[in-house]
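Trainee: Shown below is the structure under consideration.
The values are calculated or read from the model by the stated rules, or taken from the named source; none is laboratory data. All values derive from a computational prediction rather than experimental measurement. Positions of Cβ are backbone-derived with ideal geometry, glycine not excepted, and every protein chain shown enters the neighbour counts.
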């Protein structure tokens, strides 16, 4: 729910009123101001608009003033209600007020890149996840910084080979990783193709813009490392995180799914051998796909130890902090190449992903469980097709790419059967 206030923010006798938008999103309160074209005297704003009067001229002015305030308030609130709060900032509010005074012709679409980002999210708000909204906003802010430094406003038709070269140069100067740049370019192309589909002019070079990804090593925990973690003594909080880590490494799910696991989601099924086997049923948050996966023996052991209950649920942030400490205490300290967020210059407050060698525990995050499951169980007694059913990958090629297996690896493995 959003509210609008109007403020007189000037020491002068007359000024244009400021519109203040207040709203709450993700448990945080936001206050955003922008200027209107409502020109009013200080005396009228503080006294004249509220005083009771029989003066017909003043009464008429009061009614007209309130009508104007109500009209612009309703306009802003209505646009707020069809927008994603993640993308509502000072620029959005000022653009909204400008549109109120200068409405676009019906069906007229923005031709500048950043403004089309806003339109893109509005029209796709029912099709994409919150993570996509966040990614879009992050990329939008990067483009705004780029525009500001270059003193330009990018049009959709400007996204060409020259833009790619200049944008990459800017990103490298600001310590962005090559894969981050590639993801941004890929998303920018997606937005431009959407605009093209709506009849907006794009560059003939758009198709030739390539997003080149650099292969980064896949970090996972081996069965030996999992045994070390399991057999290490921890305090209560770390033991709770340790058990979630072990569960994740034997169920192949994302934290958005496994951290929701509860006892009442378990159902007993009979297999072809007439054996009763516990399975857990849930809907994946990312894919919205209904899943039924068996509980692997290690997961059952943990549940039996906890009287049939899953560990205590904790926030994603705490979990990521705790599992690093869990692995550090267990001695998971081999040097491996990877990337993690780090301050690029001391006391600058600017953080980027930095690729180099780290002790393995430093690179552990919530996603390591899913990758460990896929990597450890691949090539064993379980058919790949069944592993893919557990992880939810849409194809075998995606699954193999996820665990870093190439065609050469598959060929070498095949020779073992010849």
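Trainee: With the structure loaded, tell me whether residue 241 is in the same structural domain as residue 365 (by TED's automatic domain parsing) and either in contact with a helix residue (DSSP H, G or I) (Cβ under 7 Å, 6 or more places away or on another chain) or over 22 Å from residue 121 (Cβ atoms) (or both) or whether it fails that test.
Mentor: yes
Trainee: Output the residues belonging to segment 10-31 that are modelled with pLDDT under 90, surrounded by 10 or more Cβ atoms within 10 Å (Cβ to Cβ) and in a loop (DSSP other than H, G, I, E, B).
Mentor: Scanning segment 10-31 gives no hits.
Trainee: Of all residues in segment 308-319, which are outside any loop (DSSP other than H, G, I, E, B) and crowded, with 17+ Cβ neighbours inside 10 Å?
Mentor: Hit for segment 308-319 is 319, nothing else.
Trainee: Condition check: crowded, with 20+ Cβ neighbours inside 10 Å, over 21 Å from residue 403 (Cα atoms) and in contact with a helix residue (DSSP H, G or I) (Cβ under 7 Å, 6 or more places away or on another chain). Does residue 211 satisfy that?
Mentor: no
Trainee: While we're here: Has segment 98-110 got at least one residue that is within 24 Å of residue 134 (Cβ to Cβ) and modelled with pLDDT of 90 or more?
Mentor: yes
Trainee: Take segment 32-44 and flag every residue that is part of a helix (DSSP H, G or I) and either crowded, with 16+ Cβ neighbours inside 10 Å or within 46 Å of the chain's Cα centre (by Cα) (or both).
Mentor: Residues satisfying the conditions are 42, 44.
Trainee: Can you tell me how many residues within segment 45-91 are part of a helix (DSSP H, G or I), at pLDDT 85 or above, touching a strand residue (DSSP E or B) at 6+ places or on another chain (Cβ under 8 Å) and over 15 Å from residue 17 (Cβ atoms)?
Mentor: Counting residues in segment 45-91 that are part of a helix (DSSP H, G or I), at pLDDT 85 or above, touching a strand residue (DSSP E or B) at 6+ places or on another chain (Cβ under 8 Å) and over 15 Å from residue 17 (Cβ atoms) gives 3.
Conditions (1) modelled with pLDDT of 85 or more; (2) surrounded by fewer than 19 Cβ atoms within 10 Å (Cβ to Cβ); (3) over 19 Å from the mean Cα position of the chain (by Cα), marked per residue:
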| site | (1), (2), (3) |
| --- | --- |
| 119 | yes, yes, no |
| 124 | no, yes, no |
| 143 | yes, yes, no |
| 153 | yes, yes, yes |
| 170 | yes, yes, yes |
| 182 | yes, yes, no |
